1. Out of all the residues in the stretch 106-152, which are outside any loop (DSSP other than H, G, I, E, B) and under 17 Å from Leu217 (Cα atoms)?
2. Which pairs have Cβ atoms under 6 Å, sit 6 or more apart or on different chains, and link a residue in the stretch 11-32 that is outside any helix (DSSP H, G or I) to one that is at pLDDT 90 or above and surrounded by fewer than 16 Cβ atoms within 10 Å (Cβ to Cβ)?
3. It is to be established whether one or more residues within the stretch 162-181 are buried (at least 19 other Cβ atoms within 10 Å of the Cβ), among the polar types (S, T, N, Q) and closer than 26 Å to Tyr225 by Cβ.
4. Any residue in the stretch 74-88 that is hydrophobic (A, V, I, L, M, F, W, C) sitting within a Cβ distance under 7 Å of a residue that is part of a loop (DSSP other than H, G, I, E, B)? List the pairs, counting only those 6 or more apart or interchain.
5. Taking the options Ile97, Ile121, name whichever one is buried (at least 19 other Cβ atoms within 10 Å of the Cβ), at pLDDT 95 or above and not assigned by TED's automatic domain parsing to the domain that holds Gly46.
6. Identify, by number, the condition in (1) crowded, with 16+ Cβ neighbours inside 10 Å; (2) touching a His at 6+ places or on another chain (Cβ under 8 Å) that Ile71 doesn't meet.
7. Would you be able to tell me the number of residues in the stretch 166-177 that are touching a Leu at 6+ places or on another chain (Cβ under 8 Å) and in contact (Cβ under 8 Å) with a residue 60 or more places away in the chain?
8. Evaluate the following for Tyr51: is it surrounded by 20 or more Cβ atoms within 10 Å (Cβ to Cβ) and either free of Cβ contacts under 8 Å to residues at least 12 places away in the same chain or among the hydroxyl-bearing types (Ser, Thr, Tyr) (or both)?
Amino acid sequence: MKIIQSFAQFDEGSYYLRHDKKNSEKVYLNFYSMLLSVLTLQKYYGSVTMYCNKKAHDTFIKYLPYKEIKIVENKNNFNFWNYYKIDVMRKQTSKFIHVDPDVFIFDDLFSVFMNGRNFDIIVQDVIPDYMNPVNGEMPKIRDYLKKSKFMDPKICDGKAFSNGVIGMTVKVKNEFMKVADTLKKAFENNELKVHEDLISMISEEVAIYLLAMRDELRYHEILPYDEVLKNGSRHTANERKYTHMWGDSKFNTQYVEVMKLKIRKEFPLFGDLIDQYDNEVMTNVNI
């Protein structure tokens with residue numbers, strides 16, 4: 001059972017900062033969220049494997065304390081930035097959990113999936129239809145599913161999985177690759193036309209949800225659906241000791257300082273790593 005993370009650095013910078021003039025410089029700030037992420041994972045599960053392209057490795061990942069780093073070059077263009085993560089999952093030959101490198105856990109949240117056989121997949125949470133950013137595109141997705149006869153459009157009910165954490169068995173992974181690849185081809189051939197900002201979510205988080213509905217997969221939610229409906233995702237995450245620095249929040253310098261303090265408090269042995277990075281790298285970066 002492997003815990004994996006992935007990151008591909010694009011020449012264009014971060015997709016979340018594509019309209020920011022300092023996009024290319026702010027990539028260096030990924031170091032702090034990744035450091036806190038890998039330290040929390042290693043605390044509970046030991047070794048974590050990072051997959052990254054050489055550009056990302058040489059920029060900042062080489063400074064991080066991963067037990068194993070594998071260089072895998074990125075073959076996807078900027079609009080398909082999330083397919084690097086999918087390609088990394090494609091390489092797995094045993095049951096695994098992929099954790100986005102801006103996710104922090106402060107409790108043992110994975111063992112129920114890692115050590116048992118009751119679930120086929122683990123996800124961060126189920127996004128209700130009324131909270132789903134892709135909801136406006138659902139009629140197009142249903143129409144594509146109907147015309148292509150790829151899946152029964154009735155399973156497309158407006159929900160999706162949130163994949164800050166996504167893990168699965170090899171059998172499920174093989175089926176997920178088929179769904180993700182089919183959707184990518186549909187986007188490339190203009191058989192499915194959606195807003196470009198939503199391609200990543202549809203091809204990953206909607207795709208794995210559709211697969212789960214089609215194959216009646218048993219899924220474990222880190223943030224239970226009923227609790228999210230009742231209390232909201234932020235409150236539920238706090239109660240479950242789970243944090244996801246979604247979008248561009250990890251590039252906010254105020255949050256960066258909070259992450260630094262958290263690392264120094266919870267993992268004092270790695271405070272020197274922050275100092276080293278600040279002195280050797282960040283002093284030469286203009287943010």
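The values are calculated or read from the model by the stated rules, or taken from the named source; none is laboratory data. Predicted model, so just to flag it, every value in this text is computed and none were measured. Counting neighbours? That spans all protein chains shown, and the Cβs are built from the backbone with ideal geometry, glycine included.
1. Passing the criteria: Val112, Phe113, Met114, Ile121, Ile122, Val123, Gln124, Asp125, Val126, Ile127.
2. Close Cβ pairs satisfying both conditions: Glu12/Phe78.
3. Yes, the conditions are met somewhere in the stretch 162-181.
4. Between residues of the stretch 74-88 that are hydrophobic (A, V, I, L, M, F, W, C) and residues that are part of a loop (DSSP other than H, G, I, E, B), the close pairs are Phe78/Phe10; Phe78/Glu12; Trp81/Phe10; Val88/Val72.
5. Numbers: Ile97 fails: not assigned by TED's automatic domain parsing to the domain that holds Gly46.
Matching residue, one of Ile97, Ile121: Ile121.
6. Checking Ile71 against (1) crowded, with 16+ Cβ neighbours inside 10 Å; (2) touching a His at 6+ places or on another chain (Cβ under 8 Å), the one that fails is (1).
7. 1
8. Numbers: surrounded by 20 or more Cβ atoms within 10 Å (Cβ to Cβ): yes; either free of Cβ contacts under 8 Å to residues at least 12 places away in the same chain or among the hydroxyl-bearing types (Ser, Thr, Tyr) (or both): yes.
Taking the combined requirement at face value, the residue satisfies it.
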